[in-house]
Each structure stands twice: as structure tokens, then as C-alpha cells.
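The values are calculated or read from the model by the stated rules, or taken from the named source; none is laboratory data. The model shown is predicted, which means the values in this text are computed figures rather than measured ones. Cβ: placed from backbone, ideal geometry, glycine included. Neighbour counts: every protein chain shown.
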Ligand SMILES: [Zn+2]
């Protein structure tokens, strides 16, 4: 076979030539400005059906153009953090997307104001077929809210009275300096730097980091109890005014799912926890401790061997294994890797982490990461390629029908990552390598089953307590420790009572309950993976059809239509968890002696 060349530096010039100095890009952005203004001015006090249809069409074009330019800017800022010109573009992107949101709000008002009869007539228009789910959803959600004018006032008050608390939190965390001793010298670390020490492969470093972390956050709890109580108080007041008594109502609606689905998922996880406790006890033995500490749960085993997989080999390996499950995914991947969709080079000046972003007008994606040859890198590459494939399957859908919710956003990526994680375990050169890879897979799922579960339990109980009044630090600490003990089944030697303060997600105001969608997404994808394993090649087209519908259905309908399963019953969730339990069995067997 001829050697195929997989470039390690991505090609952005084919999107807009010339990087952050690109004339082509500048003209594109100026064009957006003009088109947004034109649309805004075109919308008057009233709209005929023809006009309304035209607005819906044009706003979607603007959404796509904004996505196209924002994706370009995020690629530029990631590949070179010092690209000042690119950073300047960021502000412009936000300005344009805010304007688009505002115009979309005006269009929604028209939709909401239609009588049932008018709506029935309007919704029959063929041009609206592909976005009908979205329009209906917006209309329905509006009926559950206050009047448009009251909602507009609330949105304005949110800027200084709600989102501002999240901002204060971020600023205070940004200023934190935590003293930490390394090589005999004490130096101040940021909260993020200390977080890296908590993930160290050296247990004594982790242990000291956990103590330093708990102490540092304790000092800030008065302030963070204040910000958290106030942002939660705002949220609850708004819910009360809208007549909502369930705090989960909004997050469930955002994720297009029912509460019975969520309950079935958590209950099935809870039923299965004892098997994971056995794994945790075994891991504790391997680490030479009686019980795992909080910081041990995700720590690597000290057996990890040296592996270095050159980039081209990683590409070949991914294509080869994708091919066995989904030839179309493999063919897509081969093209993406060959055509410079991936920025993988290990060089200075790049942003840390990885992401996949989509250029809807070019119908292409770009993947950003820093590849240095570890197994984890191979898994990340497969994960991001999964995201790119999801976008690829959606590329010809209407723009609104490409906007899926957070809980299904990881469907294709987790699926792709799983194919590779399983293949790596099967092909591991030594038993040590097998163990290390298995351990990694299982620990990862523990994050979804236990850590995220603790966050969900805490947040649910905190909001209930907040309805009665201000929740003081001592109570927050107790609620958190209780939630952790419950979620981890009391299996740990240490807990983190100040986790409510240190975990950013509780303080995010963009979306409420930034926790359960992670677990849902992980298990949903595993359930699909299990089906794929059982069904074989005929599964591929069903899988693509499912991905294409991810932004146009509730999750229950999506699962019913494409997998013929009922998400509100436990059996689907059990099958998904069984995938991990099989790994636990193998791990327990290999570590018996
Ligand atoms: Zn992802």
C-alpha cells in the first residue's frame, strides 16, 4: 500500500486566504454587518406570512454566516494565542451574534402572536417543513413564559442581576493565588494550575494538592456562598413569576427530554453502583491504599508503560477500526485527515486542549489538538473526528435543524472514541498496557456515574433549600458532602465539601444544571454503540439518520424512531451500562492475583 501523507498542520487558507490579515475574511464580515442591518430594518411592526417566511429564511443565513466567521476566528486564536489581530475579531463576532439573537427574538414574537388558526395555516408552508420542530418548540415555550414585554425586562435585568454574579465568581477565582510547595520552593498557583496537580500521577503531589485546594477554597466560601445564593435566588424568582415550581423544568426543556427519562437513567446507574465499588476497592489495592481518596478516583495506575504512536500511525489505526464498524465514517475520516482538517502539530504558542468546529458554508470542519503520541491523544483525535462526522451528516439540513442540544452533542464523538478505545484494549501489546487502558475507560465512566451524579444531587437539593431562604456556608458544605457520599456510595476516604465553590459549573448562568446532560450523552452514545455491535453493517444508515435528527426531535422520539427503544424505561440504560461492566469484569479478572 502506498504511504498516504496526513498533514499535521491544518489548512485554513481554503476557507479564508491569509489568516487574521485576510482581506477575503474582512469583506465577508463587513458583508455580514450589512446584511444583518438590512434584515433588522426590513422587519416592521407587522408581518405578512410571506414576510415572516422570508425573515425566517434570512435569519438562518445570518446564523450560518456568523458561525462560519466565528469558527475561523476560534481557529486563528487557538493556533496562535499571540495573534492580536485575531483576538480583535472576537469582539466583532459577539456583537454580530447578539444582533442576530435580537432579530430572532423579534421574529419569535411574530410566531408567538399568531392565533392557533393562523399558526395552522402558516405552518403548512412547504418551506418551513425542515424547521417546523424548532418553530413549534419556540411557540410552545413562549406560552409557558411571561408576556413578551415582561420577558424582555427580565432579560435586561439578568445582565446586572444574574449573569453578573457568575462574572463576579469568575473574577474572584481568576484572582486566587494558592501557595504550593514544589522542589522545596513555595510558589503561588492559580486555581487551574492547582487542578493539574490534583491530576498528577504522583500520589504525594495529589495528596498535598487536595489539602491545599480545600484550604484555599474554604477561605473564599463566604463570598462564593453569596454569589451562588444570589444567582440561584434570581433564577427561582423568575421561575416563580412564570408559575414554574420545578427547578428542572428549564434544563429538561433545553435538553428536549422528560423527567421520567432522567429518573430512569439515574436509577439504573444507582442499581449498578455496587459493581463499580468492587472496581474501586481493587484500584485502591493496586495503589496500595485502604480506600481511594477523592483525588485517586481518576488517577492513572502506576503501571502505565511507555507508548509512542506516531501521528501517521494513529491516523491509519483510526481509519482501520472505523472501517470495521462504519465504512462511511472511515471514508469521511480518511478525507478529513488527508485534506488538512486537523491541526495536530506539537509546537509552542498553541492553545491547550482540543475542539472541533464547523464551517457551515464550506460544509467542512476543523479539528484542533496537540498530538504528542500518547494513547489519550489517539482517543482525543477519534473523539473530535466523531464531532466532525456529526456535522458532516447534518451539513445539508436547514441551519436551525443543525442546532442540537448539549445532551446529544457528544453522541457521535463518544461513539467514535469508543470504537478506538475498544480497539486499543484488544491490540494492547502487554497485559500492563491492557490494564492501564481498561482502567482509564472505567475511571472515565465513574466521572459520569459518580462525580456528575453528586453534582446533580447537590444542585437539586440546594435549589430546594434556596426556596426557603439564604443557604449558609455550613449547610452548603453539608449538602455537598452528603451528595458525594451518596453518589460514591461512601466508598471514598476523603470528600470535598467545598466542591460547590470550586466547581465552575454551579456558577454558570448560560444554562442551568450543567451536569446531567454529560451523563445522558455518554450513556446514550454507549447504548447506540451496543446496538451497532449487535446489528452489524445494516446499522450504519440508521445511525446516520439518527444523527441527522438530533436537532429536530425530543430525545425520547429520537430513540424510539431510530433505535426502537424507550428511554423512559430502565432497559436501555442497563444495556448501555453493561458495555462498561464488561470492562469491569475483564479488569477484575486480570487483577485477581
Ligand atoms: Zn466532545
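Observations on the model:
- Look at (1) at pLDDT 95 or above; (2) surrounded by fewer than 20 Cβ atoms within 10 Å (Cβ to Cβ) and you find that residue 511 fails only one, number (1).
- Among the residues here, residue 170 does not qualify as closer than 24 Å to residue 44 by Cα and either surrounded by fewer than 17 Cβ atoms within 10 Å (Cβ to Cβ) or modelled with pLDDT of 90 or more (or both).
- Condition broken by residue 322, with the remaining ones in (1) assigned to a loop (DSSP other than H, G, I, E, B); (2) closer than 24 Å to residue 528 by Cα; (3) away from the ligand (no atom under 16 Å from the Cβ) satisfied: (1)
- Answer from 461, 466 - the residue that is more than 20 Å from residue 218 (Cβ to Cβ), free of Cβ contacts under 8 Å to residues at least 60 places away in the same chain and part of a helix (DSSP H, G or I): 461
- Segment 325-348 - residue that is outside any helix (DSSP H, G or I) and over 25 Å from the mean Cα position of the chain (by Cα) and, of those, farthest from residue 542 (Cα to Cα): 348
- Qualifying residue in segment 168-185 (condition: out of contact with any helix residue (DSSP H, G or I) (no Cβ under 9 Å at 6 or more places or on another chain), at positive phi and without any contact (Cβ under 8 Å) to a residue 24 or more places away in the chain): yes
- Residues within segment 563-574 that are at pLDDT below 95 and assigned to a helix (DSSP H, G or I), tallied: 1
- The residue list 421, 447 contains one member that is within 16 Å of the ligand (Cβ to nearest atom), over 18 Å from the mean Cα position of the chain (by Cα) and at pLDDT below 95, which is 421.
- Where a residue in segment 352-375 is farther than 18 Å from residue 314 by Cα and its partner, wherever it lies, is away from the ligand (no atom under 16 Å from the Cβ) and assigned to a strand (DSSP E or B), with Cβ under 9 Å and at least six apart: 358/364; 365/359
- Residue within segment 436-450 that is crowded, with 21+ Cβ neighbours inside 10 Å and over 29 Å from residue 287 (Cα atoms) present: no
- Against the list (1) touching a residue at least 60 places away in the same chain (Cβ under 8 Å); (2) more than 30 Å from residue 592 (Cα to Cα), the condition residue 272 fails is (2).
- Lone unmet requirement of (1) within 16 Å of the ligand (Cβ to nearest atom); (2) surrounded by 21 or more Cβ atoms within 10 Å (Cβ to Cβ) for residue 462: (1)
- Here the condition is being surrounded by 17 or more Cβ atoms within 10 Å (Cβ to Cβ), in a helix (DSSP H, G or I) and free of Cβ contacts under 8 Å to residues at least 40 places away in the same chain; of 142, 78, 86, it holds for 142 alone.
- Odd one out for residue 57 among (1) assigned to a loop (DSSP other than H, G, I, E, B); (2) touching a residue at least 12 places away in the same chain (Cβ under 8 Å): (1)
Condition check ((1) crowded, with 24+ Cβ neighbours inside 10 Å; (2) farther than 23 Å from residue 532 by Cα; (3) within 12 Å of the ligand (Cβ to nearest atom)) across all residues:
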residue	(1), (2), (3)
371	no, yes, no
374	no, yes, no
378	yes, no, no
386	yes, no, yes
393	no, no, no
396	no, yes, no
399	no, yes, no
408	yes, no, yes
415	yes, no, yes
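- Within segment 356-369, considering residues that are more than 16 Å from the ligand (Cβ to nearest atom) and assigned to a loop (DSSP other than H, G, I, E, B), the one surrounded by the most Cβ atoms within 10 Å (Cβ to Cβ): 360
- Only one entry in 305, 349, 353 is within 16 Å of the ligand (Cβ to nearest atom) and at pLDDT below 95, namely 353.
- Residue count, segment 233-291 (criterion: assigned to a helix (DSSP H, G or I) and in contact with a strand residue (DSSP E or B) (Cβ under 7 Å, 6 or more places away or on another chain)): 3
- Residue within segment 177-191 that is at pLDDT below 90, part of a helix (DSSP H, G or I) and under 24 Å from the mean Cα position of the chain (by Cα) present: yes
- Per-region count, segment 420-434, residues surrounded by fewer than 21 Cβ atoms within 10 Å (Cβ to Cβ) and not in a loop (DSSP other than H, G, I, E, B): 8
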